[in-house]
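A short reminder: the numbers here are calculations on the coordinates, not readings from a lab. Here the structure is a predicted model, which is why all the values come from computation and not from measurement. Every residue, glycine as well, gets a Cβ built from its backbone with ideal geometry; the counts of neighbours run over all protein chains shown.
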């Protein structure tokens, strides 16, 4: 079982991978429709929307929460060195 390098989701079946491509290191929720990895900003926005919808927090808190979580994920560990 792989863990998504972008969001940490366990990927246990082909449907969890973009385009069912099990060679990818990220999940369907972190991929664009063409199967490529979303940008940091795209993923942060999607994760923030999820947090607002499921936890009822406001946008600013959701963005901060998403960013703090994403800092710990392998796909984004060097992102903050470049911004």
Exercise. Looking only at residues in the range 46-83 that are assigned to a helix (DSSP H, G or I) and surrounded by fewer than 10 Cβ atoms within 10 Å (Cβ to Cβ), which one is nearest to the chain's Cα centre (by Cα)?
Worked result: 68
Seminar exercise, completed: Quick count over the range 10-41, residues being exposed (fewer than 11 other Cβ atoms within 10 Å of the Cβ) and part of a helix (DSSP H, G or I), is 3
